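These notes concern the structure reproduced below.
Quick note: the coordinates plus some simple rules give every number you see, no bench work behind them. Computed from a predicted model, the values in this text were never measured in an experiment. Here Cβ is always computed from backbone atoms with ideal geometry, including for glycine, and neighbour counts include all displayed protein chains.
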C-alpha cells in the first residue's frame, strides 16, 4: 500500500477525471502509474533481438555432428 499527498488542484482534477471515466481515485492512480512505468520499462535483450533470431543461417556447411564441450568431457549433438 502507498499513500500520496497531492496539491488540492491536482486532487480536484483527479476527482473530475475519475468521475468522468467511472473509476475510483485509487483505480485511476493505479492505471496512470502502470502506464507511466510501461513507458519507461527497458526491453530485455531477447525482446530487442527477437525479430532477428533465426532469420539468417550461418552459411557454414562444415558443422560437425558432435563436438566435445571444452573441459567437461561431455559431448553435444547438433540438431
Inter-label distance for residue 19 and residue 62, nm, one decimal - labels placed 7 Å from Cα along Cα-to-Cβ: 7.8
Among 45-51, 21-27, how do they line up from the highest to the lowest mean number of other beta-carbon atoms within 10 Å? 21-27, 45-51
I want to check the label-to-label distance for residue 38 and residue 12. Put each point 7 Å from Cα in the C-beta direction and report it in nm to one decimal. 3.1
Among the Cα-Cα pairs of segment 1-40, the proportion with separation greater than 11 Å, in percent, is 66
I want to check the label-to-label distance for residue 4 and residue 55. Put each point 7 Å from Cα in the C-beta direction and report it in nm to one decimal. 3.9
